[in-house]
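See below for the structure under consideration.
The values are calculated or read from the model by the stated rules, or taken from the named source; none is laboratory data. Keep in mind that what you see is a predicted model, and the values were worked out from it rather than measured. So basically every Cβ, Gly included, is an ideal-geometry build from the backbone, and we count neighbours across all protein chains shown.
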Amino acid sequence: MSEQTATERATMPAAYNPVLERRTVENANQNLLKYLRPGLSVLDVGCGSGAITRSIAEKVGPTGRILGIDPNDKLIEQARQNSGSLPGLDFRQGDIYTFDTDERFDLITIARTLQWLADPKAALINMKRFVKPGGYLSVLDFNHEKISWHPEPPEAMKTFYAAFLKWRQDAGFDNAIADHLADLMSTIGFTDIRVENQSELAQKTDPTFAVASRLWAEVAELRGLQLVNSGYISEELRVRAIADYDNWIQTVGESMTVYMLAVEAKQ
Ligand SMILES: C[S@@+](CC[C@H](N)C(=O)[O-])C[C@H]1O[C@@H](n2cnc3c(N)ncnc32)[C@H](O)[C@@H]1O
């Protein structure tokens, strides 16, 4: 499929995105906590509406420097509005394939974004240029093929999920990117690479179970229309997947584990 298709499919829907906005370093990028200290310089690639970026800015403090980039101008606008005037924090519209700057950073983080790129290696090569000697590149991403639910979710949601993976794959995105990151990083010249399992388990006994496990209903709500419009599912299936899955969460749903790895390398 064309580069244009990949770009269209990678574009976050314009609607306010509650999934992005409830994320913080602590609840969604905790692999970064070990690096964050006052005065650090950080580049957040694919920052979305800047929720995690703001949380990073609070930790590196007024002597730190944080730049968030994202190609989506609406998300960058939201990020600027939501961040007020934290010192050292800036957002810039930018695509990681072509982004350039004279700045060099102690830490570059890219979370849940390489999964949306048809050429993750090119993106990694470009990012590597901006890491200071002795600095770190940190990638957090999914293997969507290794998700697990207990018990099995409703058929309509399983059908939606399979169509979602196919729709992604057809655009050139790697559904198993998390498990390919270490090799990719090695191929582009990193030698000091470390892999941490960052899978997220949501259980019925957690107060956050309903919100966390609803991720896939939200994907069907926010992204599902793109699948309907490109002929991967019917609107009826999309609506049924959301309703049946919401019912699963409220009744028999016990747990969901989203498989994620943080793969980090020292320059
Ligand atoms: C799922 S969101 C992740 C947002 C945030 N990092 C997080 O973990 O919540 C993926 C982001 O990648 C951005 N993105 C897509 N293509 C990109 C590219 N070529 N360069 C940089 N960011 C890109 C999207 O606009 C979107 O904001």
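Restricting the stretch 184-221 to residues that are part of a loop (DSSP other than H, G, I, E, B) and of a type in the set (D, E, K, R) leaves a set whose member that is surrounded by the most Cβ atoms within 10 Å (Cβ to Cβ) is 214.
Taken together, 123, 111 contain a single residue that is in contact with a Leu (Cβ under 7 Å, 6 or more places away or on another chain), small (Gly, Ala, Ser), more than 16 Å from residue 25 (Cα to Cα) and within 13 Å of the ligand (Cβ to nearest atom), which is 123. When residue 85 is tested against (1) hydroxyl-bearing (Ser, Thr, Tyr); (2) more than 30 Å from residue 172 (Cα to Cα); (3) in contact with a Leu (Cβ under 9 Å, 6 or more places away or on another chain), only condition (3) is not met. Total residues in the stretch 121-170 satisfying the condition of being surrounded by fewer than 21 Cβ atoms within 10 Å (Cβ to Cβ), among the charged types (D, E, K, R) and more than 20 Å from residue 5 (Cβ to Cβ): the figure is 8.
Taking the criterion of being assigned to a helix (DSSP H, G or I), within 21 Å of residue 198 (Cα to Cα) and touching a strand residue (DSSP E or B) at 6+ places or on another chain (Cβ under 9 Å), the residues of the stretch 136-165 that qualify are 144, 146. Screening residue 255 against (1) free of Cβ contacts under 8 Å to residues at least 12 places away in the same chain; (2) touching a His at 6+ places or on another chain (Cβ under 9 Å) leaves a single unmet condition, (1). Kindly check whether there is at least one residue in the stretch 17-33 that is over 18 Å from the mean Cα position of the chain (by Cα), surrounded by fewer than 19 Cβ atoms within 10 Å (Cβ to Cβ), at pLDDT below 95 and over 24 Å from residue 193 (Cβ atoms). Looking for residues that are over 18 Å from the mean Cα position of the chain (by Cα), surrounded by fewer than 19 Cβ atoms within 10 Å (Cβ to Cβ), at pLDDT below 95 and over 24 Å from residue 193 (Cβ atoms), one finds none in the stretch 17-33, hence no.
Residues in the stretch 222-255 that are assigned to a loop (DSSP other than H, G, I, E, B) and among the hydrophobic types (A, V, I, L, M, F, W, C): 233, 252. Does residue 118 meet the test of being within 10 Å of the ligand (Cβ to nearest atom), modelled with pLDDT under 95, closer than 20 Å to residue 263 by Cα and in contact with a helix residue (DSSP H, G or I) (Cβ under 7 Å, 6 or more places away or on another chain)? The answer is no for residue 118. Taking the stretch 40-65 as the range and being β-branched (Val, Ile, Thr) and either farther than 22 Å from residue 141 by Cα or more than 11 Å from the ligand (Cβ to nearest atom) (or both) as the test, the residues that pass are 42, 60, 63. Output the number of the condition that residue 134 fails; it satisfies all remaining conditions of (1) under 17 Å from the mean Cα position of the chain (by Cα); (2) at positive phi. It is condition (1) that residue 134 fails. Return the only residue of 238, 223, 194, 214 being free of Cβ contacts under 8 Å to residues at least 60 places away in the same chain and basic (Lys, Arg). Every option except 214 fails the conditions. When the stretch 188-219 is filtered for residues that are within 30 Å of residue 137 (Cα to Cα) and of a type in the set (Gly, Ala, Ser), the ones remaining, listed by number, are 189, 199, 202, 212, 213. Within the stretch 177-187, can one find any residue that is in contact with a Phe, Trp or Tyr (Cβ under 8 Å, 6 or more places away or on another chain) and closer than 30 Å to residue 98 by Cβ? Scanning the stretch 177-187, I find at least one residue that is in contact with a Phe, Trp or Tyr (Cβ under 8 Å, 6 or more places away or on another chain) and closer than 30 Å to residue 98 by Cβ, so the answer is yes. Taking first residues from the stretch 51-78 that are at pLDDT 95 or above and partners that are in a strand (DSSP E or B) and of a type in the set (Ser, Thr, Tyr), the Cβ contacts under 7 Å between residues at least 6 apart in sequence or on separate chains come to 64/41; 65/41.
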